[in-house]
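A quick write-up on the structure given underneath.
The values are calculated or read from the model by the stated rules, or taken from the named source; none is laboratory data. Here the structure is a predicted model, which means the values were calculated and not measured. Heads up, the Cβs are rebuilt from the backbone with ideal geometry, glycines too, and the neighbour counts pull from every protein chain shown. Ligands, DNA and RNA are stripped out before the accessible areas are found, and what is left, the full protein with its side chains, is counted by its heavy atoms. Shrake-Rupley method; radii C 1.70, N 1.55, O 1.52, S 1.80 Å.
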Amino acid sequence: MGLTRNFLLSTATVLLALALAANACSPSDRAALLDFKAALNEPYLGIFNTWSGTDCCTNWYGINCDPETKRVADIVLRGESEDPIFEKAGRSGYMTGSISPSICQLDRLTTLVVADWKDISGEIPACITSLPNLRILDLIGNKISGQIPADIGKLSRLTVLNLADNQISGSLPSSIVNLNSLMHLELSNNKLSGEIPSDIGKLSMMSRALLSRNQLTGPIPSSLANIYRLADLDLSMNQITGSIPDQFGSMPVLSTLNLDSNQLSGEIPTSLLANSGLNILNLSRNALEGNLPDVFGPKTYFTTIDLSYNNLRGSIPKSLSSAKYVGHLDLSHNHLCGPIPDGSPFDHLEASSFANNDCLCGMPLRTC
């Protein structure tokens with residue numbers, strides 16, 4: 001009887017061990033994660049204290065596994081979070097170290113988020129372009145340097161590429177135009193230089209392209225206008241030259257266009273100000289010239305139009321008074337002349353919106 005009982009207990013133990021092993025993450029994934037952890041130092045929150053035991057799929061902070069294969073699918077580590085661990089510590093995240101190339105051993109990875117840790121440095125591992133299932137790469141808010149991997153275009157399933165607020169340098173890789181699934185491109189506040197690839201319009205799925213506060217040069221590619229879904233384009237605070245493509249005025253979904261603080265010249269396309277879908281337009285601090293097109297009407301709805309610090313001449317179009325809504329309008333620091341039209345939106349604007357022009361007059365400035 002005792003032998004039978006011991007046999008049954010032993011069998012149950014083996015079955016339980018087999019069941020646990022079946023539900024645990026793969027040893028190779030666990031080893032890769034521990035190598036990844038070893039290259040980082042998080043001194044305040046202790047999030048890596050949860051990375052213990054053999055099963056990295058259970059209760060390892062920020063790790064999620066595919067329920068069927070038990071392979072690591074997601075790494076989501078955000079230094080700005082509403083997670084209780086942050087609330088309890090009463091602080092945001094801080095981490096030093098670098099992103100280990102061991103991350104590339106996680107060949108089923110779909111999401112890699114290591115964001116807003118402020119002091120993670122080093123380069124993006126070049127091997128990251130070998131992860132065939134990667135859909136989200138978000139490394140915003142660190143001190144990552146070096147260049148964007150040249151073969152970034154191999155990530156055919158990538159939908160989000162967010163490398164903003166780092167110290168990344170070099171040019172945009174030509175292969176970036178091969179990211180056929182890319183929807184969100186955020187590279188603002190880095191040290192990127194060179195020209196934007198002329199065929200960037202091949203990114204047909206893209207809805208946001210944010211490249212402000214870099215050192216980009218050359219013209220604005222007219223192929224951007226071919227991206228039907230593009231709603232938000234920000235190329236501000238670069239060294240971009242040339243004119244604004246006329247085709248931008250016919251983009252059906254474009255609602256926010258920030259081109260301020262560049263070296264743009266030429267005239268403002270008439271079709272751009274006539275685009276009834278455009279909601280925020282900032283062309284300030286360039287070298288734009290010519291007259292303001294008189295193309296506004298009842299469908300015009302701008303929360304912001306900022307054309308300040310240019311070389312615009314002529315008068316303020318009277319048709320602006322027929323606009324459905326204009327919230328903020330700044331025409332200061334140009335060479336405009338003549339009377340400021342009556343009525344909305346001019347009746348709620350301050351004198352600073354019209355300051356430093358050649359000879360504007362009327363409310364809210366001096367009378368003509």
query: Got at least one residue in the stretch 202-225 being over 21 Å from the mean Cα position of the chain (by Cα), crowded, with 18+ Cβ neighbours inside 10 Å and either farther than 19 Å from residue 183 by Cβ or modelled with pLDDT of 95 or more (or both)?
result: no
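Quick grid of which residues meet (1) in contact (Cβ under 8 Å) with a residue 60 or more places away in the chain; (2) within 19 Å of residue 281 (Cβ to Cβ); (3) not small (Gly, Ala, Ser):
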{"residue": "212", "(1), (2), (3)": "no, yes, no"}
{"residue": "215", "(1), (2), (3)": "no, no, yes"}
{"residue": "231", "(1), (2), (3)": "no, yes, no"}
{"residue": "234", "(1), (2), (3)": "no, yes, yes"}
statement: Exactly one of 306, 294 is more than 22 Å from residue 207 (Cα to Cα), buried (at least 18 other Cβ atoms within 10 Å of the Cβ) and among the charged types (D, E, K, R), and that residue is 306
query: Among all residue pairs at least 6 apart or on different chains, which show Cβ distances below 7 Å where the first residue, located in the stretch 91-107, is within 17 Å of residue 48 (Cα to Cα) and the second is polar (S, T, N, Q)?
result: 95/41; 96/41; 97/41; 98/121
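Let's see how each residue does on (1) part of a strand (DSSP E or B); (2) closer than 23 Å to residue 89 by Cβ; (3) in contact (Cβ under 8 Å) with a residue 24 or more places away in the chain:
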{"site": "28", "(1), (2), (3)": "no, no, yes"}
{"site": "33", "(1), (2), (3)": "no, yes, yes"}
{"site": "48", "(1), (2), (3)": "no, yes, no"}
{"site": "52", "(1), (2), (3)": "no, yes, no"}
{"site": "69", "(1), (2), (3)": "no, no, yes"}
- request: Within the stretch 267-285, work out how many residues are out of contact with any Asp or Glu (no Cβ under 7 Å at 6 or more places or on another chain), farther than 21 Å from residue 229 by Cα and in a loop (DSSP other than H, G, I, E, B).
  value: 1
task: Quick one: count up the residues across the stretch 111-127 that are of a type in the set (Val, Ile, Thr) and crowded, with 21+ Cβ neighbours inside 10 Å.
output: 3
- request: Could you run through the stretch 312-326 and say how many residues are assigned to a strand (DSSP E or B) and of a type outside the set (A, V, I, L, M)?
  value: 3
field: Residue in the stretch 55-70 that is surrounded by the fewest Cβ atoms within 10 Å (Cβ to Cβ), counting only those that are more than 27 Å from the chain's Cα centre (by Cα) and of a type in the set (A, V, I, L, M, F, W, C)
entry: 57
- request: Please list, ordered by first then second residue, the pairs with beta carbon atoms under 8 Å, 6 or more apart or interchain, first in the stretch 168-195 and in contact (Cβ under 8 Å) with a residue 40 or more places away in the chain and over 16 Å from residue 140 (Cα atoms), second loosely packed, with under 15 Cβ neighbours inside 10 Å and hydroxyl-bearing (Ser, Thr, Tyr).
  value: 181/156
query: Filtering the stretch 286-311 down to residues that are at pLDDT 95 or above, of a type in the set (A, V, I, L, M, F, W, C) and assigned to a loop (DSSP other than H, G, I, E, B), which residue is farthest from residue 325 (Cα to Cα)?
result: 287
field: strands (runs of 3 or more DSSP E) completely within the stretch 208-262 that count 1 or more residues being under 17 Å from residue 306 (Cα atoms) and of a type outside the set (D, E, K, R)
entry: 232-234, 256-258
- request: Go through the stretch 85-96 and give me each residue that's in a helix (DSSP H, G or I) and open to solvent by 90 Å² or more (accessible area, probe 1.4 Å).
  value: 87, 88
- request: Return yes or no: is residue 287 open to solvent by 20 Å² or more (accessible area, probe 1.4 Å), among the aliphatic types (A, V, I, L, M) and more than 24 Å from residue 236 (Cβ to Cβ)?
  value: no
statement: Over the stretch 128-144, the set of residues open to solvent by 10 Å² or more (accessible area, probe 1.4 Å) and within 15 Å of residue 173 (Cα to Cα) is 129
